[in-house]
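So the structure is just underneath, and the comments pick up after that.
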Amino acid sequence: MRFLRRNAADTEAPATEPTTEAESSPSVGKGRPTPKRREAQGRRSGPVPPPPRTQREAFKRMRGNKVSKEERRAAAVERRQRMMAGEDKYLLPRDRGPVKAYIRDLVDSRRNLMGLFMPLAILVFVALLTPSLAVQRYATLATTFMLIAMVIEGLVLGRLVTRKVRAKFPTEPIKGISIGWYSFIRASQLRRLRVPKPRVKPGEAVK
């Protein structure tokens, strides 16, 4: 009986848990104090970015700064006002430069039949909605003659503007088709809807 107890005691010896390397080794610190939040943010910000070179870049940067709606609205109103005033850097790329400004002055100094294009289109649309066939026929006939007259006027205006632009800017690369199309688009708009606003009055001499 004593022999059996001794064997049981020997076999039921408690197992010791192995110590891990992390527990046995002492903890090693960072060797430097933890930076404050303000210092960490200052390090992340980096150098001061350069000023924006274009209006689109300024708008993206303004959106990234999460400005308020009132500030965005005020900035948009200011850009619109400066664009209507004709400031070159606020205009669309197609309207920039002294050549385009001179073309606009030449077109705005004339009274053009093409300025009636939009009212004529509205009149034709209303006439087509009427049930009277006679009204539709006369409206279509009048529209045809008006369109022919506008095309002829546009061709004459394009040649006139191209000749004056080439005389004023002899060193600039002038393309007749581009100048003529720009003049036609400007002249076919109502005067009060033109962007930028006209700087000269109808009949005023442009040098």
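Were the residues from A142 through I185 laid out at 0.36 nm apart, the gain over their Cα-Cα distance would be 13.3 nm. For the peptides 145-155, 107-117, the ranking by mean Cβ contacts within 10 Å, running from highest to lowest, is 107-117, 145-155. Can you work out the base-10 log of I(q)/I(0) for region 116-168 at q = 0.22, 0.24, 0.25 1/Å, using the Debye formula on its C-alpha atoms alone? Each listed q maps to, in turn, -0.79, -0.86, -0.90.
Once the mean of 1/r is taken over each pair of separate Cα atoms and inverted, region 62-125 shows a Kirkwood hydrodynamic radius of 14.9 Å.
Within the shell defined by Cβ-Cβ distances under 9 Å, the residues around G86 carry a net charge of +1, with Lys and Arg each +1 and Asp and Glu each -1. log10 I(q)/I(0), Debye, Cα-only region 89-139, no solvent, q = 0.19, 0.20, 0.23, 0.31 Å⁻¹? The Cα Debye sum returns log10 ratios of -0.73, -0.75, -0.86, -1.06.
So between A75 and R199, what do we pick up on full extension, going 0.36 nm a residue minus the alpha carbon distance? Write down the numbers at each step before the final one.
On the way: separation 124, 0.36 × 124 = 44.64 nm, distance 2.38 nm.
Between A75 and R199, full extension yields an extra 42.3 nm.
For region 49-186, the average shadow cast by the Cα convex hull is 12.9 nm², which is a quarter of the hull's surface. Here the Debye sum runs over all C-alpha atoms of region 128-207 as equal scatterers in vacuum, and log10 of I(q)/I(0) at q = 0.14, 0.20, 0.22 Å⁻¹ comes out as -0.65, -1.01, -1.11. Counting only protein heavy atoms and a 1.4 Å probe, region 77-207 has 67 square angstrom of accessible area per residue.
The values are calculated or read from the model by the stated rules, or taken from the named source; none is laboratory data. Everything quoted here is computed from the prediction, not taken from an experiment. Methodologically, a virtual Cβ is constructed for each residue, glycine included, from the backbone with ideal geometry; neighbour enumeration extends over all protein chains shown. For the accessible areas, the whole protein counts, side chains as well, though only heavy atoms, and no ligand, DNA or RNA atoms are used. Shrake-Rupley method; radii C 1.70, N 1.55, O 1.52, S 1.80 Å.
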